[in-house]
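Novice: Starting off with a structure, shown below.
The values are calculated or read from the model by the stated rules, or taken from the named source; none is laboratory data. None of these values were measured; they are calculated from a predicted model. Cβ placement follows ideal geometry from the backbone for every residue including glycine, while neighbour counts extend to all protein chains displayed. Protein only, heavy atoms only, side chains kept; ligands, DNA and RNA dropped before computing areas. Shrake-Rupley method; radii C 1.70, N 1.55, O 1.52, S 1.80 Å.
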Amino acid sequence: AVVDRARASGRVRDKAPGAPWLRSPVALTGALLLVAFVTSAAFQAPQRAVRFAQAYDPASIQWGTMLSVDELELMRDLPEIVGGDAVVLGDPFSGAPYAWSVGRTHVVLPQLNISGLDPDRQYLVDHFDDVTTDPRVCEAVRELGVTHFYVDRTKPRDGAKRSPLGPALSEVDVSTGFVPVATAGDAALYELTACG
């Protein structure tokens, strides 16, 4: 249809006098199909498969993993461990969002994208490691109903996903104000008692 319309308007003949192959509807159609294929998803499928494997295939992963098998099992057991009213806070890059998607337990940060957070969530992302000294942290904890804290101490050199966030959710001193509830590898789940 495109070729017929172009030929009918005379543009193809007038614009391409030195390119006789453009005057042929079959050649022009073939050229258009080639351009469409090269710019299509089908042409890019092999490279797309490689990129997906680098993110999801354990044998090809390039950017670190979020959960080990033991940590995944911990997430599955969360409803029995913490109950239905629990709200878990943790660095989303350490696997904490899986408490929601796998463990059916509410989380403060349900996805890796943390742009546009409300002020309480943003304050916890920036200052949660001051939970025993900063009253504003406990105000945010109470406002969001946080009951538990999930932390994974596995480092990127050991295969963990690198977090672009600061230390506020990964370098928390859990010796005071936290009660251990469960562990899985280098990950641990604590009941948060620092805020009363």
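Novice: Answer with yes or no whether VAL141 is farther than 19 Å from SER163 by Cβ and open to solvent by less than 30 Å² (accessible area, probe 1.4 Å).
Specialist: Judged against the criteria, VAL141 is a match.
Novice: When you check ARG153 against the structure, is it surrounded by fewer than 18 Cβ atoms within 10 Å (Cβ to Cβ), basic (Lys, Arg) and within 26 Å of the chain's Cα centre (by Cα), yes or no?
Specialist: For ARG153, the condition - surrounded by fewer than 18 Cβ atoms within 10 Å (Cβ to Cβ), basic (Lys, Arg) and within 26 Å of the chain's Cα centre (by Cα) - is met.
Novice: Hey, can you tell me all the residues within region 82-105 that are free of Cβ contacts under 8 Å to residues at least 24 places away in the same chain, under 17 Å from the mean Cα position of the chain (by Cα) and open to solvent by 20 Å² or more (accessible area, probe 1.4 Å)?
Specialist: Within region 82-105, TRP100, SER101 meet the criteria.
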